[in-house]
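A.B. asks: First the structure, which I've put down as structure tokens, then a few questions once you've had a look.
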Amino acid sequence: TSFEVLARLKGPGVSGISPSVFVPIAEESSLIDMLGLSVLRYAFRTLAEHPEELRGISLNVNVSIQQLLRGSLVDRARELSRDFGVEPDRIALEVTESQWLEADSPAREALLRLREAGFRLALDDFGAGYTSLNHLLTIPFDEVKIDRSFIAQLISGSRGRALCEVAWAMASACGMPAVAEGVETPQQAQA
């Protein structure tokens, strides 16, 4: 039903640099806006160039809190949708839990404006960081992505399974699908 568009940094003589390394550097140096827009542009272009192959498929794109705080993301995302002729609801913007999403924050307001523009919203890495169930009440997320650390414990521990079940139940009660991140074994998929 959907794919996540992920950035990978490669170069001559470099096999790959993990996003956990280059994304924080991009955020600190203000290059995150350029990187984030590049990935978003790629998602729109992919959907526009493959209308038959990707019919009914949406793409998820990670959005940095720094992009949301600067405020230009909303207008740029709308422009890309218009320029490529792709409806915004074909793109789900993923945001990681953060204290920056609190009431009256510019990041929260940007998310609400993106939702009003037709983009779907996903709460990424649910349960792994700054967790506030208030986000599920005050921001109209379309899906919750349960952090891979819980999925890794799904088979080996009753606590991991219990926390996954609670997250799925909360998402379901709120009318949102829950996505299990990092399913790597047949046993995890079965569970």
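The values are calculated or read from the model by the stated rules, or taken from the named source; none is laboratory data. Predicted, not measured: the structure shown is a model, and the values here were computed from it. Note that we place each Cβ from the backbone using ideal geometry, even for glycine, and neighbour counts take in every protein chain shown. Remember, those area values only see protein heavy atoms, side chains included, never the ligands or the DNA or RNA. Shrake-Rupley method; radii C 1.70, N 1.55, O 1.52, S 1.80 Å.
A.B. asks: On full extension of the chain, what length is gained from Trp168 through Ala128, given 0.36 nm per residue of separation minus the C-alpha to C-alpha distance?
C.D. replies: Contour length minus Cα-Cα distance gives 12.9 nm.
A.B. asks: Lys/Arg Cβ at +1, Asp/Glu Cβ at -1, dipole of the chain taken about the Cα centre: which of Gly127, Gly71, Gly16 is farthest positive-ward?
C.D. replies: Gly16
A.B. asks: Mind telling me which of Gly11, Gly160, Gly85 comes out most flexible in a GNM of the chain, alpha-carbon contacts under 10 Å?
C.D. replies: It is Gly11.
A.B. asks: Related question: With a point put 7 Å past each Cα toward its Cβ, work out how far Glu4 is from Gln190 in nm, to one decimal.
C.D. replies: So the label points at Glu4 and Gln190 sit 2.5 nm apart.
A.B. asks: Compute the acute angle (0 to 90°) between the alpha-carbon long axis of helix 32-49 and the principal axis of greatest extent of the alpha-carbon atoms of the chain; round to the nearest 10°.
C.D. replies: Approximately 90 degrees, to the nearest ten.
A.B. asks: In Å², what does the accessible area per residue of the chain work out to with a 1.4 Å probe?
C.D. replies: 55 Å²
A.B. asks: Specify the residue with the greatest mean-square fluctuation among Leu121, Leu73, Leu137, computed from a Gaussian network of the chain linking alpha-carbon atoms under 10 Å apart.
C.D. replies: Leu137
A.B. asks: Related question: So how strong a dipole does the stretch 19-86 carry about its Cα centre when Lys and Arg Cβ are +1 and Asp and Glu Cβ are -1, to the nearest 20 debye?
C.D. replies: In total the dipole reaches around 140 debye.
A.B. asks: Could you pull out every residue, at least 5 positions away or on a different chain, whose amide H is within less than 5 Å of the one on Leu121? Hs are placed 1.01 Å off N in the peptide plane, and Pro or chain starts have none.
C.D. replies: Leu93, Asp142, Glu143
A.B. asks: Which FRET efficiency value, to the nearest 0.05, is calculated for Leu31 and Arg78 with the Förster distance at 22 angstrom and r the Cβ-Cβ distance?
C.D. replies: E(calc), rounded to 0.05, equals 0.50.
A.B. asks: Something else about it: Ignoring the sites themselves, what is the longest stretch of the chain with no trypsin sites (Lys or Arg not before Pro) in a DSSP loop and at most 15 other beta-carbon atoms within 10 Å?
C.D. replies: The reported range is 56-191.
A.B. asks: Distance between the C-alpha centers of the stretch 1-45 and the stretch 105-167? Whole Å please.
C.D. replies: For the stretch 1-45 versus the stretch 105-167, the Cα centre distance is 21 Å.
A.B. asks: If the chain between Val21 and Ser158 were fully stretched, how many nm would it gain, using 0.36 nm times the residue separation less the Cα-Cα distance?
C.D. replies: Value of the extension gain: 46.1 nm.
A.B. asks: Report, to the nearest 10°, how far helix 19-28 tilts away from the longest principal axis of the Cα atoms in the chain, using its own Cα long axis and a range of 0 to 90°.
C.D. replies: Compared with the principal axis, the helix lies near 50 degrees.
A.B. asks: Can you tell me which of Val63, Val74, Val14 moves the most in a GNM of the chain? Springs connect C-alpha atoms under 10 Å apart.
C.D. replies: Val14
A.B. asks: Please get the size of the charge dipole for the stretch 56-186, origin at its Cα centre, with Cβ charges of +1 on Lys and Arg and -1 on Asp and Glu, quoted in debye to the nearest 20.
C.D. replies: 40 debye
A.B. asks: If you don't mind, there's one more thing I want to ask. Determine the calculated [θ] at 222 nm for the chain from helices alone, applying -39500 (n - 2.57) to every DSSP H run no shorter than 4 residues and normalising by the residue count; nearest 500 deg cm²/dmol.
C.D. replies: Mean residue ellipticity, 222 nm, calculated: -13500 deg cm²/dmol.
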